[in-house]
Amino acid sequence: MDALSRLRESLSKAPVMWKGDYPYFIHPITDGVPRLEPEILSAVLQLSSKLVEWENIDLVLGIEAMGLPLCAPLSIEASKPLVVARKRSYGLDGEVVIDQTTGYSKGEMYLNDISKDERILILDDVLSTGGTIRSVIDGVKRAGATVVQVITVIEKGPGLAVLQKEMPDIKFDSLIKVEMDGSNITIMD
């Protein structure tokens with residue numbers, strides 16, 4: 001079975017829960033539960049790596065928490081350093097505070113160790129409204145660096161299309177697109 005088929009099959013089996021009026025699927029790539037099997041992580045690595053022009057990237061940026069397991073193998077394969085947008089402050093020089101709002105939560109995140117003029121790839125688990133990615137891109141700009149590309153493993157909702165229109169200088173990609181119809185996950189071709 002090829003990488004995309006493995007990822008599609010794993011999503012087709014994901015349970016759905018509701019957070020208020022928001023349908024939320026539970027998947028190892030987005031939540032770390034159930035367990036993240038190596039063949040699913042390998043599929044994400046294979047599919048993501050092929051989308052990147054590595055000569056234009058200086059740094060891989062992941063977003064806590066699932067950015068850690070998703071980006072570490074990509075960083076190793078590409079021989080590019082990795083930083084993680086964290087949900088707690090370390091108070092280091094140059095730390096950038098990010099206001100994060102998603103479809104179901106609100107809080108702050110923190111960026112550290114991003115140098116001026118670095119070219120950054122962001123790999124995220126799921127993009128729905130685009131709120132988190134928009135905030136992280138703003139934080140990267142405030143650090144003096146440039147987001148060259150954003151890859152989201154799972155595209156859900158209109159957020160990616162909205163961001164593409166707002167930020168035409170950034171390449172946006174998704175590995176798989178899903179739509180939610182109540183508790184049903186529809187995988188789009």
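Values as computed for the structure displayed
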{"read-out": "Evaluation of Gly131 against (1) closer than 24 Å to Asn112 by Cα; (2) at pLDDT 95 or above (one fails), failing number", "value": "(2)"}
{"read-out": "Residue check for Asp113: out of contact with any Asp or Glu (no Cβ under 8 Å at 6 or more places or on another chain) and farther than 13 Å from Val136 by Cβ", "value": "yes"}
{"read-out": "Filter pass, Ser89 being hydroxyl-bearing (Ser, Thr, Tyr), without any contact (Cβ under 8 Å) to a residue 40 or more places away in the chain and within 21 Å of Val148 (Cβ to Cβ)", "value": "no"}
{"read-out": "Where Ile185 falls short, out of the listed (1) assigned to a strand (DSSP E or B); (2) without any contact (Cβ under 8 Å) to a residue 40 or more places away in the chain", "value": "(2)"}
{"read-out": "Tally, over segment 117-154, of residues that are touching a helix residue (DSSP H, G or I) at 6+ places or on another chain (Cβ under 9 Å) and not β-branched (Val, Ile, Thr)", "value": "12"}
{"read-out": "Flag for Leu82 being touching a Gly at 6+ places or on another chain (Cβ under 9 Å), within 17 Å of Val150 (Cα to Cα) and without any contact (Cβ under 8 Å) to a residue 60 or more places away in the chain", "value": "yes"}
{"read-out": "Residue satisfying all of: in segment 174-189; modelled with pLDDT of 95 or more and buried (at least 18 other Cβ atoms within 10 Å of the Cβ); farthest from Leu92 (Cα to Cα) among these", "value": "Val178"}
{"read-out": "Close pairs from segment 146-168: first touching a residue at least 12 places away in the same chain (Cβ under 8 Å) and surrounded by 15 or more Cβ atoms within 10 Å (Cβ to Cβ), partner among the basic types (Lys, Arg) and part of a strand (DSSP E or B), Cβ under 7 Å, at least 6 apart", "value": "Thr146/Arg119; Val148/Arg119; Val148/Lys171; Gln149/Lys171; Glu155/Lys177"}
{"read-out": "Filtered residue count, segment 121-153, keeping only those that are part of a strand (DSSP E or B), of a type outside the set (S, T, N, Q) and under 11 Å from the mean Cα position of the chain (by Cα)", "value": "10"}
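For (1) farther than 21 Å from Pro38 by Cβ; (2) buried (at least 19 other Cβ atoms within 10 Å of the Cβ), each residue gets a yes or a no:
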site	(1), (2)
Ala72	no, no
Pro81	yes, no
Ala85	yes, yes
Leu92	yes, no
Tyr110	yes, yes
Ile114	yes, yes
Ile122	yes, yes
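The values are calculated or read from the model by the stated rules, or taken from the named source; none is laboratory data. Worth saying up front: this structure is predicted, and the values here are computed from it rather than measured. So basically every Cβ, Gly included, is an ideal-geometry build from the backbone, and we count neighbours across all protein chains shown.
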